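Okay, structure first, notes after.
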Amino acid sequence: MKKHLLTTLTAAAMLAATFAFTACSTTGGGFAAWRPMFDGKTLAGWTPQGEARWRIENGIIVCDAGGDGWLSTDAAYTDFELRLEYRNIPKGNSGIFLRCPRKGSPYPAPEFGYELQINNEEPKYATGSIEDYIQRLVPFNPAPNVWHKVEISSRGSHFVVHWDGQKVLDGHDSKWPSGHIGLQYHVNSKIEFRNVMIKPLAQ
């Protein structure tokens, strides 16, 4: 009887462990699942900074009017994976802000934090670089007027970026450990974003 009970308890424990392992595996080792950062209809959860006039059009975040500015998340993030798609115009100038504290000058860009550059014409830190901090691995020039997919991993001091499936940045910097995520608009430089998703990472 005791042997049978022990066998049953052992089997139950193994089954529980299997479920726990499966749960961890499907969420990346205990990390949260991917979730959308926009509801497709409003800018809920985001606050415009500066004079840019952001709007939602057919489920796409669009800015092509107003002055320089950026769209900031209301929440702050530390470690996360972020993925999105963007489309800009020829010689377009935009960026994706990472870990930006809401202090200092609010526009045309945050005074503090990181900016992943979207600007092929930038002479020093062009598209795919984190401006002033981490240079991109390879030169490349994403074509205008088409959608591009960007995948960002921000884990501690380590940043990794893939652009249309190609690794374009892999480097370290620890100056800004936490802050808001943002999308940038420059005057006369229409920019569109869609499918903005985030996966917060366990610390």
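The values are calculated or read from the model by the stated rules, or taken from the named source; none is laboratory data. Values in this document were obtained by computation on a predicted structure and should not be read as measured data. Quick reminder, even Gly has a Cβ in these numbers, built from the backbone with ideal geometry, and neighbours come from all protein chains shown.
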Going by the conditions given, is TYR133 among the aromatic types (Phe, Trp, Tyr), farther than 18 Å from TYR86 by Cβ and without any contact (Cβ under 8 Å) to a residue 60 or more places away in the chain?
-> yes
Taking the stated definitions as given, is LYS175 more than 15 Å from the chain's Cα centre (by Cα), touching a residue at least 40 places away in the same chain (Cβ under 8 Å) and in the same structural domain as ASN119 (by TED's automatic domain parsing)?
-> yes
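Would you be able to say whether some residue in the stretch 86-106 is polar (S, T, N, Q) and closer than 23 Å to ASP74 by Cα? Break it down stepwise before answering.
Narrowing the stretch 86-106 to residues polar (S, T, N, Q): 88, 93-94, 105.
Now restrict to residues that are closer than 23 Å to ASP74 by Cα: 94, 105.
Yes, the stretch 86-106 contains at least one residue that is polar (S, T, N, Q) and closer than 23 Å to ASP74 by Cα.
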Taking TYR133 as meeting all but one of (1) more than 26 Å from ILE56 (Cα to Cα); (2) of a type in the set (Phe, Trp, Tyr); (3) out of contact with any Asp or Glu (no Cβ under 6 Å at 6 or more places or on another chain), write down the number of the exception.
-> (3)
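Within the stretch 80-139, restricting attention to residues that are assigned to a loop (DSSP other than H, G, I, E, B) and of a type in the set (S, T, N, Q), which residue is farthest from PHE159 (Cα to Cα)? Don't jump to the end; show me each part of the working.
Going residue by residue through the stretch 80-139, those that are assigned to a loop (DSSP other than H, G, I, E, B) are 89-93, 101-113, 119-129, 131-133, 135-139.
Those left that are additionally of a type in the set (S, T, N, Q): 93, 105, 119-120, 127, 129, 135.
Values: ASN93: 22, SER105: 25, ASN119: 19, ASN120: 20, THR127: 15, SER129: 11, GLN135: 11 Å.
It comes out as SER105.
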